[in-house]
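Note sheet for the following structure.
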C-alpha cells in the first residue's frame with residue numbers, strides 16, 4: 001500500500017514531526033443556507049435558474065458563473081435523477097482497505113443542469129450502469145441538520 | 001514600458017468579522033460590483049487574476065480553484081497569485097502585466113479572504129509560516145515577529161509609543177467614513193496605551209482585526225478605458241521586491257525591500273521626488289507602526305521621521321500628504337489580500353474625487369499603494385495617477 | 001464636488017450568537033495534517049551540533065559572511081558555502097518582545113521573551129530566533145549580552161529546544 005507507507009527510519013536529528021493545527025468552521029453561505037434549509041425542513045432539492053443561460057444550478061447559487069447574472073429565481077427539482085457516472089472505492093483516506101467498499105455516483109436530478117456527487121446504496125456494483133434512475137434516501141426529518149449528510153444515499157428507482 | 005493600463009472599475013464587500021457569505025459569494029459580490037461600476041459584462045473580460053492568502057484561512061485547499069466561479073473565471077485564462085500580505089497589491093501588478101504586455105485588453109482582479117473559517121482563531125494558522133525545524137518548536141506566534149520588528153524600529157530611531165499610536169487614532173477615525181469598515185472607532189492615544197499588552201511593544205489597539213471580505217478592480221488598456229470611462233486611473237508604475245527569508249539575518253528597523261519595490265515603481269512612473277510627486281498614500285498598516293515603517297521605505301520621508309509627520313498632522317486627510325485616508329487595515333479591516341486591494345480601490349476613488357466624506361482636502365493627481373507580506377520580506381507597490 | 005455614488009456594499013456580518021444559537025447552518029472540519037519534515041542537509045548538521053552543545057555556522061568566502069542558521073548555499077552569491085565553523089554559545093540581543101499571548105491566542109501571566117540573538121562568531125546582524133530566560137522582563141534590553149542555557153547532555157534530542165533559553169551573561 002503505497003499510500004500508507006511512512007518514512008520510518010529517520011533519526012530524530014534528521015526530521016521533525018508535527019501537525020498543522022487546522023480546524024475550520026464553514027458557513028453554508030447565502031445560497032447554501034436556503035438549499036440546506038429546504039432540504040432539512042421540506043426534504044426537497046432547490047436550485048436557481050439563470051434566465052440568460054438557462055442553466056439550473058442545484059444546489060442553488062446566488063450568481064451564474066457563466067454570465068455573472070444574480071440569480072434570484074428559486075425552484076424545486078425532483079429528488080430523483082439519472083446516474084451520470086460511478087465508481088467503487090476500496091481504500092480510505094489514509095490508504096487502508098475499507099471493510100465494505102463505497103459506491104459513489106454522479107446524479108443529475110430531473111430538472112437540474114448540474115450533477116450532485118453522493119453515495120449510492122441498496123445496489124451492488126455489478127448491476128450499475130450509467131443512465132440508471134436513482135432517488136434520494138433522506139434521514140428522518142427529526143434527524144436532519146441541514147447538511148449534505150441529510151441525504152443518506154441514492155438508491156435505484 | 002508596455003501598453004498603458006488603467007483601473008476603470010472597483011467593487012468591494014463590507015469587511016466583517018464573520019460573513020455569512022461563502023468565499024465564492026464574497027468574491028462574486030466584489031467582482032460583479034467592479035464590472036457594473038464600469039458597465040462591462042463578464043463576456044468582455046479577457047482574463048482573471050485572483051489574489052488570496054494561505055489556503056488554511058478559508059480552510060479550502062486549492063482556494064484559487066474553489067473561488068474561480070465567483071471571481072468570474074469560468075472558461076477564461078485564470079491565474080492565482082500569492083505573496084502573503086502583499087497579495088492584494090501584487091495581484092494588481094499581475095493584472096497590469098497581462099494588459100501591459102498586450103496579451104489581454106481587459107483583466108479582472110479579484111481578492112478574497114475568509115479568515116473566520118479558521119478555528120478557534122486565525123492567529124494559529126500563522127504558526128506554520130515559521131521554519132518547521134528551527135523555529136516552530138519554540139511555539140512562536142505571529143505577534144512575535146511584529147513585536148520584534150517594532151521594538152527594533154523604535155529602539156533604532158528612539159521613537160515613542162504615543163507617537164506611533166497616533167496612526168491607529170487617525171486610521172480608525174478615518175474609517176468612520178468608510179461604509180465597509182469593520183472596526184472604525186474614535187479612540188485616543190491614551191486608550192491605545194492602556195489597551196491589553198499582547199506582545200510588548202504591541203498592544204491590542206495597535207493591531208488590525210481578522211476579517212472576511214473581498215475587493216475587485218477592473219483593468220483595461222487605453223482603448224477600452226477611454227470607451228468605458230472618462231476618468232481612467234492609470235497605473236503609472238509597479239514594483240516588487242523581497243529580502244531574504246532568513247529574517248533573523250537582517251536588520252528589521254528598515255524595510256529595504258519596500259524601498260527597492262518603490263524605486264522600481266517610481267522609475268517606471270517617472271517619479272524622481274516622491275515627497276512632492278506623491279499626493280496621497282495607502283501604505284500597508286496591519287499594525288500602527290507598519291504604516292510609518294512603510295512610509296519610510298516608500299521614501300515619503302527619511303528614516304525614523306514618519307512618526308513626526310504623523311504628530312504634525314501631515315498625514316491626516318486634510319494634511320499635505322494624506323496617508324491611509326480609507327481608514328486602512330486598522331480601521332476598515334484586514335481580510336489580507338482584499339485589504340491590500342482595498343487600498344488600490346481607495347486611490348481610485350480619491351483620485352477621481354469620488355471618496356465622499358473620505359475625500360482628502362488637497363488636490364491629488366498621483367497616489368501610491370503598498371502592501372507587505374510573507375515573513376516580513378515582500379514589498380509590492382503600485383503608483384497610480386490621473 | 002464629492003460625488004459619492006450611493007452604493008450599497010454587500011456582505012452579511014454574523015455575530016457569535018448567530019453561531020451559538022444555530023441561526024446559520026455551518027459545517028465543522030478538522031484537517032488531519034501530520035507531517036514528517038526533513039531537517040535537510042544543513043539544518044540536519046546544525047541539529048547534530050546542537051545535540052553536542054555546539055552552534056554551527058557556515059562561511060561564504062565570496063561575500064565573507066559567516067551565517068547562522070547554516071545553509072548549504074549563500075543566497076547572496078548563489079554558490080555553495082565554503083566552510084563549516086563552530087560559533088560561540090553567547091550572543092547579543094538584537095531585538096526582543098514580552099509576549100503575553102500563546103501561539104493559539106491564550107493569555108499568559110508571565111511573558112515569554114522571544115528575541116533575535118546575534119550569535120558570537122557569526123557576522124554582525126546574523127541572528128537566530130529564540131527565547132530569553134532567568135531575567136527580569138523589565139530589565140531586558142537591546143544590546144544585552146546573553147549565553148545559551150543547554151539541556152543536560154544526556155537529555156538532548158537534536159532539536160532547537162536543546163537550548164532551553166538564553167540568560168544574561170554575568171558581568
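Summary of computed values
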quantity	calculated
Alpha carbon centroid spacing (whole Å) that separates region B:327-386 from region B:233-312	13 Å
Value of [θ]222 nm, deg cm²/dmol, for chain B, DSSP H segments ≥ 4, -39500 (n - 2.57) each, nearest 500	-10500 deg cm²/dmol
Separation of alpha-carbon centers, region A:8-87 and region B:108-165, rounded to whole Å	33 Å
Whole-number percent relative contact order across region B:1-66, with pairs defined as alpha carbons under 8 Å at least 6 apart	30 percent
Highest-MSF residue in chain B out of B:121, B:29, B:132 [GNM, Cα springs under 10 Å]	B:132
Ascending count of other beta-carbon atoms within 10 Å, so fewest first, for B:229, A:142	A:142, B:229
Rg [Å, one decimal], Dmax [Å, integer] - region C:41-168, C-alpha atoms	15.5, 48
Global geometry of region B:146-256, whether rounded, prolate or oblate, following the gyration tensor of its Cα atoms and the 1.5 cut on a/c	oblate
Pair residue A:104, residue A:141: separation of 7 Å Cα→Cβ label points (nm)	3.3 nm
Cα-based shape type of region A:25-156, given that a ≥ b ≥ c are square roots of the gyration tensor eigenvalues and the cut on a/c is 1.5	prolate
Within chain C, helix-based [θ] at 222 nm, where runs of 4 or more DSSP H residues each add -39,500 (n - 2.57), nearest 500	-2500 deg cm²/dmol
Residue among C:78, C:96, C:19 with the largest mean-square fluctuation in a Gaussian network model of chain C, springs linking Cα atoms under 10 Å	C:19
Projected label distance in nm at residue C:164 and residue A:23, using a 7 Å step from Cα toward the beta-carbon	3.2 nm
222 nm mean residue ellipticity, helices alone, for chain A (DSSP H n ≥ 4; -39,500 (n - 2.57); rounded to 500)	-3000 deg cm²/dmol
Principal-axis tilt of helix C:41-51 within chain C, Cα atoms, nearest 10 degrees	70 degrees
Sorted by Cβ neighbour density within 10 Å, fewest at the top, the residues A:16, B:144	A:16, B:144
Contour minus Cα-Cα distance for residue B:268 and residue B:160 (0.36 nm per residue)	35.3 nm
In nm, spacing of pseudo-spin labels at residue C:150 and residue C:23 (7 Å Cα→C-beta vector)	6.0 nm
At R0 = 41 Å, FRET efficiency that the Cβ-Cβ distance of residue C:82 and residue B:65 yields, to 0.05	0.40
In degrees, nearest ten, helix A:29-42 long axis to first principal axis of chain A (Cα)	70 degrees
Radius ratio Rg over Rh of chain B, counting only Cα atoms, Kirkwood formula for Rh	0.94
Centre separation in Å (Cα based) which lies between region B:26-42 and region C:27-84	46 Å
Cα-Cα separations in region A:34-96 greater than 17 Å, expressed as whole percent	54 percent
Shape call, the protein assembly as shown: gyration tensor on alpha carbons, a/c limit 1.5	oblate
Ascending count of other beta-carbon atoms within 10 Å, so fewest first, for C:117, C:81	C:81, C:117
Gaussian network model of chain A, springs between alpha carbon atoms under 10 Å - residue of A:44, A:19, A:33 with greatest fluctuation	A:19
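Readers should treat all values here as calculations from the given coordinates under stated rules, not as data from a laboratory. Quantities reported herein were computed from a predicted structural model and do not represent experimental measurements. When we count neighbours, we look across all protein chains shown, and the Cβ atoms used for this are built from the backbone with ideal geometry, even at glycine.
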